[in-house]
1. Show the residue pairs meeting these rules: Cβ distance below 7 Å; 6+ apart or different chains; first residue within segment 213-228 and assigned to a helix (DSSP H, G or I); second residue of a type in the set (D, E, K, R).
2. So, in segment 54-104, of the ones that are of a type in the set (A, V, I, L, M) and closer than 26 Å to Lys150 by Cβ, which residue ends up least open to solvent (accessible area, probe 1.4 Å)?
3. For segment 275-305, which residues satisfy the criterion of being more than 19 Å from the chain's Cα centre (by Cα), in a helix (DSSP H, G or I) and either under 11 Å from Tyr226 (Cβ atoms) or acidic (Asp, Glu) (or both)?
4. What number of residues in segment 229-261 are of a type in the set (Lys, Arg) and either buried (at least 20 other Cβ atoms within 10 Å of the Cβ) or in a helix (DSSP H, G or I) (or both)?
5. Out of (1) at pLDDT 95 or above; (2) closer than 15 Å to Gln126 by Cα; (3) buried (at least 16 other Cβ atoms within 10 Å of the Cβ), the odd one out for Asn180 is which?
6. Here is a list: Asp90, Asp34, Asp44. Which entry is farther than 22 Å from Ala156 by Cα and modelled with pLDDT under 90?
7. Is at least one residue of segment 209-225 of a type in the set (A, V, I, L, M, F, W, C), within 30 Å of Leu175 (Cα to Cα) and open to solvent by 20 Å² or more (accessible area, probe 1.4 Å)?
8. Quick check: is even one residue across segment 159-176 among the β-branched types (Val, Ile, Thr), within 30 Å of Gly8 (Cβ to Cβ), open to solvent by 80 Å² or more (accessible area, probe 1.4 Å) and not in a helix (DSSP H, G or I)?
Amino acid sequence: MRRRVKTGLGTSERSYGQDPGDPEVGGEVQGKGDVPSLWCVQSDTLLRAHSKGAYGMCLNNPVKTRQIKRCNTQFVDDNDGWASAPFDCDHPHQETVRRMRHDAQRWNNINNIPGQTVAFHKCKWQILAWKAINGEMEIHHSTEDTLVLKDNKGGAAVIEFLEPDQPNKGLGYLLCPTGNQTHQYNAIYTAIKDLCQKIVGAQLSEKETRQALFQRLYPKLDYGLYASYFTEEECNNIDKLTNAAFLPGLRVNRNTPRSIVHGPTEMGGLALPDCYTRQTQHHIKYMIKHLRWDKTIGGDILTTLDNIQLASGFTTPILEK
């Protein structure tokens, strides 16, 4: 069987195939060892080509010594494109949409060259913009602008608009541009509740219950806490689920005071960490790690802190106390 190469530039005149005597070559299929590296090489080339002519997003700190700058955030075949207007733009909302439309169309065109395509029906776009009302800035939750993209055959598709307080799901997180945590909290609460119900019905021994606590519950909970900032009340609601499900299996009364359940062993406690404390611990370790690395995420954190410092009006660093 002979095959031709078809890309956005057309179909090749020459063909390739398995000739007699050639070593058998397996296709680039899932599970093959070299697929991740080949995918990485191709994706890196496409991302670099796109960034050459895309506007992207650029947010500076007050003195312009650091900036958050990127065009895309990609994981395997999922990609988030970014765009922003200049800080001195007279019409930032319209300019951001125009740049977003330009960058999205360019991304689709570049993907068409090696024969790939963007699934328009799976795409969504969001914009975070403010308007002044009675001297206060309020977030735009709707827009009259539309985002229309064309495929390589001339067909057009209207990309669905997603309000900024709605989540853009990615890698198990339900994060919103406005910082709305309701969707993320509901997802984690439901997942923990389902796990606890399974634990209760499993009739585990004390050893198995402790193993499920540290190998099933905590990893599942911790993954969501890295990018969350739940209130103490919300964390307490999660603790109520876990305590009711796991404490009886550990031969502990489920109504045992929380000071004993979460207190240190030196003081007679069980040293089972509570959700609110774990969340804070993860945030501190995660931030310190990236600040020490001083790479992309660390730079983003410092740029954000600089801008928050200016907005706060404090003369001392806001993280000192």
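The values are calculated or read from the model by the stated rules, or taken from the named source; none is laboratory data. What you see is a predicted model; the values in this text were computed from it and never measured. Note that each Cβ is placed from the backbone with ideal geometry, even for glycine, and that neighbours are counted across all protein chains shown. Accessible surface areas use protein heavy atoms only, side chains included; no ligands, DNA or RNA. Shrake-Rupley method; radii C 1.70, N 1.55, O 1.52, S 1.80 Å.
1. That search, which allows pairs on different chains as well, returns Asp222/Arg278; Leu225/Arg278.
2. Applying the filter and picking the extreme gives Val97.
3. Correct list: Arg278, Gln281.
4. Residues in segment 229-261 being of a type in the set (Lys, Arg) and either buried (at least 20 other Cβ atoms within 10 Å of the Cβ) or in a helix (DSSP H, G or I) (or both): 2 in total.
5. (1)
6. Of the residues listed, the single one that is farther than 22 Å from Ala156 by Cα and modelled with pLDDT under 90 is Asp34.
7. The answer is yes; a qualifying residue exists.
8. no
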